[in-house]
Amino acid sequence: MYPIIVGVVLAFVVILLAVFFSKKSSAPTALQPQNYQPFVLEQRKQLTHNTAIFRFALHSPQHCLGLQVGKHILLRFKNETGQLISRPYTPISNDEQLGSFDLLIKLYPTGAMSQHLDKLQVGQTMEARGPQGNLSYLGGGRFSIRRKNEATNIVEDNEFHVDHVNMIAGGSGITPMYQIIRAVLENPQDRTRLSLIFGNITESDILLRNELDAFAKQHPNQLSVHYTLDKPSDDWTGGRGFVTANMITEHTAAAGKNTLMLLCGPKPLVVLCEQLSKSLDHQPDRVFLY
């Protein structure tokens with residue numbers, strides 16, 4: 001009798017999973033890699049004086065964005081002189097969010113795209129296309145990275161597996177890291193370990209801090225987060241100053257074939273951290289710059 005009951009329960013679970021994944025995979029996707037399309041600004045949520053979440057509506061409430069983990073989109077607009085301005089952004093939403101997608105954007109006073117977005121009103125449109133980018137996270141620690149083979153001069157997709165992902169981010173460079181962190185930690189079957197160093201100017205500049213702290217608390221054996229500030233307050237207990245080799249050694253996994261180093265943020269930070277990674281024996285095929 002018990003084997004029959006167990007068999008029925010297992011069959012029921014399989015059916016439920018099949019229905020779930022068929023529904024998930026059947027959602028139409030909105031993005032087109034080569035063609036820009038207009039998306040309507042549905043909502044703007046101001047987080048700080050210079051940071052906001054922009055929610056754009058998709059074609060229908062049933063659509064998903066259609067963005068693989070690791071990829072980004074390009075936003076585009078035409079300025080007053082007729083010049084087309086485009087910039088890359090990584091959504092903080094994923095494809096389980098139907099009908100819309102969210103962009104967390106820091107609004108710089110001298111940035112052409114930032115100023116355009118800052119003036120964008122609900123109901124107005126923004127052009128976007130994608131997926132874009134050379135990195136894809138396939139799940140379970142598997143990555144695919146497109147690079148040029150220096151020996152053959154041919155661009156190749158290299159797929160590999162790692163046990164540990166190191167991440168160094170600055171400012172709004174946290175968004176592609178958050179995309180991967182979320183994908184890993186929201187999948188109970190994914191045991192990839194993650195170490196994040198996140199640099200900012202002041203404590204109030206730390207984006208997605210509540211979300212990162214919640215993930216670190218829920219997954220203490222899988223995610224570690226180290227914040228460092230250029231201008232910390234007297235009572236700040238985290239890291240102080242620029243990222244250093246000692247900081248990387250203390251707060252991330254050692255170099256090796258089972259470790260991948262991801263870097264994203266302001267160019268001076270990325271250049272510095274690429275040099276530091278090289279000095280710590282991280283090989284070029286295990287370092288990726290967004």
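The values are calculated or read from the model by the stated rules, or taken from the named source; none is laboratory data. Since this is a predicted model, take the numbers as computed values, not measurements. Neighbour counts run over all protein chains shown; Cβ positions are idealised from the backbone, glycine included. Surface areas here come from the heavy atoms of the whole protein model, side chains and all, with no ligands, DNA or RNA. Shrake-Rupley method; radii C 1.70, N 1.55, O 1.52, S 1.80 Å.
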* To do: Kindly provide the set of residues from region 36-84 that are touching a helix residue (DSSP H, G or I) at 6+ places or on another chain (Cβ under 8 Å) and in a loop (DSSP other than H, G, I, E, B), ordered by number.
  => V69, G70, N79
* To do: Can you tell me which residue within region 234-246, out of those that are assigned to a loop (DSSP other than H, G, I, E, B) and touching a helix residue (DSSP H, G or I) at 6+ places or on another chain (Cβ under 9 Å), is surrounded by the most Cβ atoms within 10 Å (Cβ to Cβ)?
  => V243
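Matching residues to (1) modelled with pLDDT of 95 or more; (2) in contact with a Gly (Cβ under 7 Å, 6 or more places away or on another chain); (3) under 26 Å from K106 (Cα atoms):
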position	(1), (2), (3)
G199	yes, yes, yes
S224	yes, no, yes
G238	yes, no, yes
A245	yes, no, no
K267	yes, no, yes
V270	yes, no, yes
* Structure fact -> The one condition S100 fails out of (1) buried (at least 19 other Cβ atoms within 10 Å of the Cβ); (2) within 15 Å of the chain's Cα centre (by Cα) is (2)
* To do: May I ask you to list the residues in region 168-198 that are out of contact with any Pro (no Cβ under 9 Å at 6 or more places or on another chain), part of a strand (DSSP E or B) and not aromatic (F, W, Y)?
  => I168, R193, L194, S195, L196, I197
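Please find, among L272, L262, the residue that is hydrophobic (A, V, I, L, M, F, W, C) and open to solvent by 50 Å² or more (accessible area, probe 1.4 Å).
Every option except L272 fails the conditions.
Would you mind finding the one in K267, K217, K231 that is open to solvent by 80 Å² or more (accessible area, probe 1.4 Å), under 26 Å from K71 (Cα atoms) and basic (K, R)?
Exactly one residue qualifies, and that residue is K267.
For every residue, the table says whether it meets (1) farther than 20 Å from L289 by Cβ; (2) of a type in the set (K, R); (3) free of Cβ contacts under 8 Å to residues at least 24 places away in the same chain.
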| site | (1), (2), (3) |
| --- | --- |
| M167 | no, no, no |
| Q179 | no, no, no |
| L185 | yes, no, no |
| D190 | yes, no, no |
| N210 | yes, no, yes |
| A216 | yes, no, yes |
| T244 | no, no, no |
* Given the conditions (1) assigned to a strand (DSSP E or B); (2) under 24 Å from F39 (Cβ atoms); (3) modelled with pLDDT under 95; (4) of a type outside the set (S, T, Y), report the number of the one that E156 does not fulfil. => (2)
* Asked: How many residues, within region 178-211, are surrounded by 19 or more Cβ atoms within 10 Å (Cβ to Cβ), polar (S, T, N, Q) and more than 28 Å from Q46 (Cα to Cα)?
  -> 2
